[in-house]
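In what follows, a structure is listed as structure tokens, so that the remarks can point back to it.
Read-outs: derived from the displayed coordinates by stated rules, not from any lab. Predicted model, so just to flag it, every value in this text is computed and none were measured. Note: ideal-geometry Cβ built from the backbone for every residue, glycine included; neighbour counts use all protein chains shown.
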Amino acid sequence: QVQLGESGGGSVQAGGSLRLSCAASGYSFSRPCMAWFRQGSGKEREAVANIDTLGTLRYADSVKGRFTISRDNAKNTLYLQMNTLRPEDTAMYYCAAGAVQRFTGAYGGTWVCPFDINDYTDWGQGTQVTVSS
């Protein structure tokens, strides 16, 4: 039921930065997780980062230290700040919602948003990010 729309993609040189935005409507607190996924040409869709309503977040190892996920609950907007971009970051980036937290023994025992693509039920159309060498 959540409607998502991504923006902010484009073409940049390696080492550059982009900020993606995802405008959401119809967000449900019963399914608090939102996430960014990406899919490169000929590759499987993979998780990039996720965040819950309170701001707990996770990152894929490939983007830790370079990307920052955040959300503005008042504006119903999800962001992905991408710095030090690499050619391998080239992909279609998707905003996703509709997942619930899963309990993990990690972090001392915590509810976290999943990286499993199948946990997310609502998807945006994607925005293309192209990083040239």
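Annotations for the structure displayed:
- HN-Hα J in Hz across segment 109-116 - Karplus 6.51, -1.76, 1.60, θ = phi - 60°, x for Gly and Pro: x, 8, 7, 9, 6, x, 9, 6
- Approximating the spin labels as points 7 Å out from Cα along Cα→Cβ, the residue 17-to-residue 110 distance works out to 2.5 nm.
- Shape of segment 8-84, Cα gyration tensor, a/c cut at 1.5: prolate
- The chain - percent relative contact order, Cα under 8 Å, separation 6 or more: 35 percent
- Rounded if a/c under 1.5, otherwise prolate or oblate - segment 93-133, Cα gyration tensor axes: oblate
- Alpha-carbon centroid distance for the pair segment 41-104 / segment 6-27, whole angstrom: 11 Å
- Global form of segment 8-49, assessed from the alpha-carbon gyration tensor, a/c cut-off 1.5: oblate
- Each Lys and Arg Cβ is given +1 and each Asp and Glu Cβ -1; about its Cα centre, the chain then shows a dipole of about 200 debye.
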